[in-house]
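Each remark here refers to the structure printed beneath this line.
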Amino acid sequence: MNVIGYTILHYAVFILVGIIAAILVHTGERIPAVLAGSLILFVAIELGFYGFVALLGRPCWATSRVSDPRPAVLMGTYLWRAHPALRQRLVSVLKGTSD
């Protein structure tokens, strides 16, 4: 029963993360600075997660290195392909040339 509960929770969390990512991308189309902020926040969260797991010194470090980025890469790839202007917007805001 614990496995079923964990699986349901896992799916619910990733659905929520996907919805938040889609909202940030759609908002970033109108306000390009949101894209840069989202990218910086994502990198900070990932580094914090890996630092925390490394601090614990548990064996899950090796498996989380592979399994944690996979959903993020899949969601990012989907959103990147669904929004072709995203690259240009992100590059312009990171260069500081956005409107």
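The values are calculated or read from the model by the stated rules, or taken from the named source; none is laboratory data. The structure presented is a predicted model; accordingly, all values stated were derived computationally and were not measured. Cβ coordinates were reconstructed from backbone atoms using ideal geometry, including for glycine residues, and neighbour counts include every protein chain displayed.
Structure above, values below:
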quantity: Any pair with Cβ under 7 angstrom, 6 or more apart, that starts in the stretch 25-41 at a residue that is over 18 Å from residue 72 (Cα atoms) and ends at one that is surrounded by fewer than 13 Cβ atoms within 10 Å (Cβ to Cβ) and acidic (Asp, Glu); calculated: none
quantity: Yes/no for residue 4 being surrounded by fewer than 10 Cβ atoms within 10 Å (Cβ to Cβ) and either part of a helix (DSSP H, G or I) or out of contact with any strand residue (DSSP E or B) (no Cβ under 9 Å at 6 or more places or on another chain) (or both); calculated: yes
quantity: Flag if residue 68 is surrounded by fewer than 10 Cβ atoms within 10 Å (Cβ to Cβ) and at pLDDT below 80; calculated: no
